[in-house]
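> Once you've had a glance at the structure underneath, I'll fire off some questions.
The values are calculated or read from the model by the stated rules, or taken from the named source; none is laboratory data. All of these numbers come straight from a predicted model, not from anything done at the bench. Here Cβ is always computed from backbone atoms with ideal geometry, including for glycine, and neighbour counts include all displayed protein chains.
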Amino acid sequence: MNAPTMQAPTLSPGWKRALLALVALWLVTGWQYRDTVLAMTTIWDTRETFTHAWVVPPIAFLFVLAVPTLLGWPVARVLAFPLGFIFFCVPVGEFLSPTLMTWTANFTVVALRASGIPVYQEGLQFVIPSGRWSVIEACSGIRYLIASIMVGTLFAYLNYNSLRRRFIFVGISIVVPLVANWLRAYMIVMLGHLSGNQLAVGAD
């Protein structure tokens, strides 16, 4: 007996027309908003906070390619994450920098006082016996936070089926870089203080 032969799946003419129409729509949309696309890619290329955005389009595109069909509610449900993932291309989040800088400064001051070091704080600046320190924009941790949320969201989608677990993991991807950045700022100040400002001075 001969084993049954497997035929590769093929798209019907209707599906092919739908795919061509979708590609054409993407091209027309890209041309229509070419200035916006150019502005976004310039931001990705010039600001360290958003350099991770370069990997978002190919990842999203690979997800779309993995879907066998592109019409109907089941397909829309499958495409929900790849399409939503493209949101990480948008350079948003820098408005959080002032708040993150304040949190970093406050945590550092509390941690220094808990370590027995007297601190006088004035907003984002504080003075300790060994010198004056300030929390600048590079110390906000915004670029670590945004990149962590992007990777955490992708990891949660690929590894968990439960919506609850996905949200928990994304929440962890938010908390971890925040706390890590606070500890980093504290350790930089402590290293500078204990070394007589010979080490870690000027670190961001």
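> Only one of these conditions is not met by Phe85: (1) over 22 Å from Thr49 (Cα atoms); (2) assigned by TED's automatic domain parsing to the domain that holds Arg47. Which number is it?
With (1) over 22 Å from Thr49 (Cα atoms); (2) assigned by TED's automatic domain parsing to the domain that holds Arg47 applied to Phe85, the lone miss is (1).
> Next question. All but one of (1) at pLDDT 70 or above; (2) not in a helix (DSSP H, G or I) hold for Met101, so report the exception by its number.
Unmet condition: (2).
> Moving on. If you check every pair at least six apart or on different chains, which have Cβ atoms under 9 Å apart with a residue in region 156-169 that is within 19 Å of Pro82 (Cβ to Cβ) and outside any helix (DSSP H, G or I) first and a residue that is at pLDDT 90 or above and among the basic types (Lys, Arg) second?
Tyr160/Arg166
Yes/no matrix, rows are residues, columns are (1) in the same structural domain as Ser148 (by TED's automatic domain parsing); (2) of a type outside the set (S, T, N, Q); (3) modelled with pLDDT under 80; (4) over 24 Å from Ser148 (Cβ atoms):
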site	(1), (2), (3), (4)
Thr5	no, no, yes, yes
Ala8	no, yes, yes, yes
Val23	no, yes, yes, yes
Ile43	no, yes, no, no
Arg47	no, yes, no, no
Gly72	no, yes, yes, yes
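> Report whether or not Phe126 is surrounded by fewer than 19 Cβ atoms within 10 Å (Cβ to Cβ) and either in the same structural domain as Asn181 (by TED's automatic domain parsing) or closer than 30 Å to Ile168 by Cα (or both).
Spelling it out, it is not the case that Phe126 is surrounded by fewer than 19 Cβ atoms within 10 Å (Cβ to Cβ) and either in the same structural domain as Asn181 (by TED's automatic domain parsing) or closer than 30 Å to Ile168 by Cα (or both).
> If Ser134 passes every condition in (1) at pLDDT 90 or above; (2) under 18 Å from Leu100 (Cβ atoms) but one, which one does it miss?
(1)
> Take the residues of region 18-53 that are surrounded by 14 or more Cβ atoms within 10 Å (Cβ to Cβ) and of a type in the set (Phe, Trp, Tyr): which is nearest to Glu94 (Cα to Cα)?
Per the criteria, the residue is Phe50.
> From (1) farther than 19 Å from Thr49 by Cβ; (2) assigned to a helix (DSSP H, G or I), pick out the condition that doesn't hold for Ile149.
(1)
> Only residues that are assigned to a loop (DSSP other than H, G, I, E, B) and polar (S, T, N, Q): list them for region 117-146, please.
Listed by number, the residues that qualify are Ser130, Ser140.
> Can you tell me which of Ala180, Ala185 is in contact (Cβ under 8 Å) with a residue 12 or more places away in the chain, assigned to a helix (DSSP H, G or I) and within 16 Å of the chain's Cα centre (by Cα)?
Of Ala180, Ala185, the one residue that is in contact (Cβ under 8 Å) with a residue 12 or more places away in the chain, assigned to a helix (DSSP H, G or I) and within 16 Å of the chain's Cα centre (by Cα) is Ala180.
> Let me ask another. Out of Val56, Val28, report the one residue that is under 17 Å from Ala147 (Cβ atoms), at pLDDT 75 or above and β-branched (Val, Ile, Thr).
Val56
> Is there a residue being modelled with pLDDT of 85 or more, surrounded by fewer than 13 Cβ atoms within 10 Å (Cβ to Cβ) and under 25 Å from the mean Cα position of the chain (by Cα) anywhere in region 140-160?
Yes, that holds for at least one residue.
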